[in-house]
Amino acid sequence: MENDIILQFNNVFFTYDEETEETQSAEPHWAVKGVSLDVHKGDYIAVLGHNGSGKSTLAKLSNAILIPDKGQVLVNGIPTTDEDKTMEIRQHVGMVFQNPDNQIVATIVEEDVAFGPENLGLKPEKIRKRVDDALHAVGMYEFREKEPHKLSGGQKQRVAIAGIIAMQPECIVLDESTAMLDPKGRKEVMATIESLHNDLGMAVVTITHNMDEAVLADKVVVMEKGEILFSGTPREVFKNVEELRRVGLDVPQSTLLAMKLGLKDEVLTPEECAEAILKDWKK
Ligand code: ADP
Ligand code: MG
């Protein structure tokens, strides 16, 4: 199934250090250090790790915002070092950042969403269709003629996501895109991300501190000091409660509660926790 890989990291290293005569011989501070990771069509991957562990650097390496110092990042087989293909790479892998205010460029919602497709040089009717479809996909169609600055944080972030999906990428990378939102906005954006994955079949890589978000993913990757510390299903990864807490990470509250209650079952969600309690109680 090699050919269904959209995004591939092959032993990737990246440093922000400038190379000077003094630093040349010394080992640099690697922000990303020997990371290998495959993202297949339709994958849903959550990336966890405390501040400074290299998550944003990893995100920026995924669509040629940053270029590896060692190793290779391939987007649909194209190395991100190929400068002539940067536009094509960004069409395949779209990125949503933390602050929606920094991502919205136009003064009307639909114009903002049209910005990317216009740059692709598509015909007006094609652009119209892509914009409408993208706005429907994020549930913001009825706001198409509104001014973005009058929207809530969650609505703005959904407009930013619409701008990315109007490019029809196979993969979308979200760098803490729910972190600045209130609980309602976070819920809206989480539901949107779920539907990109479930309804549009898009591969999703979501960088998050939110455990409720992480348990929804098919695969969880934990970063620590630029390296991948754990990678596996949420169940496999959240088993490592002690080590996760050692690197400053939470585990889902239900997992922690089940552990404190001494329940044997591996628990991820409140529902599973309730079931485990009942099962234990009936013994
Ligand atoms: P995270 O997103 O997990 O918080 P980052 O990828 O932003 O981590 O940072 C990884 C490492 O790279 C940290 O040591 C951080 O201080 C460093 N770093 C990040 N951005 C820059 C930058 N623009 N210049 C210099 N160092 C940076
Ligand atoms: Mg970051």
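The set of residues in segment 14-73 that are charged (D, E, K, R) and away from ligand 2 (no atom under 13 Å from the Cβ) comprises ASP17, GLU18, GLU19, GLU21, GLU22, GLU27, LYS33, ASP38, LYS41, ASP43, ASP69, LYS70.
Tell me, yes or no, whether segment 88-99 has at least one residue that is more than 19 Å from MET202 (Cα to Cα) and without any contact (Cβ under 8 Å) to a residue 60 or more places away in the chain. Looking through segment 88-99, none of the residues is more than 19 Å from MET202 (Cα to Cα) and without any contact (Cβ under 8 Å) to a residue 60 or more places away in the chain.
Applying a threshold of 9 Å to beta carbon distances and a minimum spacing of six or more residues, or different chains, the list of pairs starting in segment 47-76 at a residue that is among the charged types (D, E, K, R) and ending at one that is within 13 Å of ligand 2 (Cβ to nearest atom) and open to solvent by 20 Å² or more (accessible area, probe 1.4 Å) reads LYS55/GLU176; LYS60/LEU66. Checked against the criterion of being modelled with pLDDT of 95 or more, buried (at least 19 other Cβ atoms within 10 Å of the Cβ) and within 16 Å of ligand 2 (Cβ to nearest atom), segment 190-205 has at least one qualifying residue. For segment 224-268, residues that are more than 30 Å from ASN10 (Cα to Cα) and open to solvent by 40 Å² or more (accessible area, probe 1.4 Å) total 9.
The single condition among (1) within 16 Å of ligand 1 (Cβ to nearest atom); (2) within 25 Å of ILE89 (Cβ to Cβ); (3) not polar (S, T, N, Q) that ALA179 does not meet is (2). For residues in segment 209-223 being farther than 15 Å from GLU194 by Cβ and outside any strand (DSSP E or B), which is most open to solvent (accessible area, probe 1.4 Å)? Per the criteria, the residue is HIS209.
At least 1 residues that are closer than 21 Å to GLU176 by Cβ and either open to solvent by 80 Å² or more (accessible area, probe 1.4 Å) or among the basic types (Lys, Arg) (or both) in each: list the helices (runs of 4 or more DSSP H) lying fully within segment 24-132 that qualify. Counting at least 1 such residues, we get 55-62, 86-92.
The values are calculated or read from the model by the stated rules, or taken from the named source; none is laboratory data. The structure displayed is predicted, hence computed values, not measured ones. Neighbour counts run over all protein chains shown; Cβ positions are idealised from the backbone, glycine included. Only protein heavy atoms, including side chains, enter the accessible area calculation; ligands, DNA and RNA are left aside. Shrake-Rupley method; radii C 1.70, N 1.55, O 1.52, S 1.80 Å.
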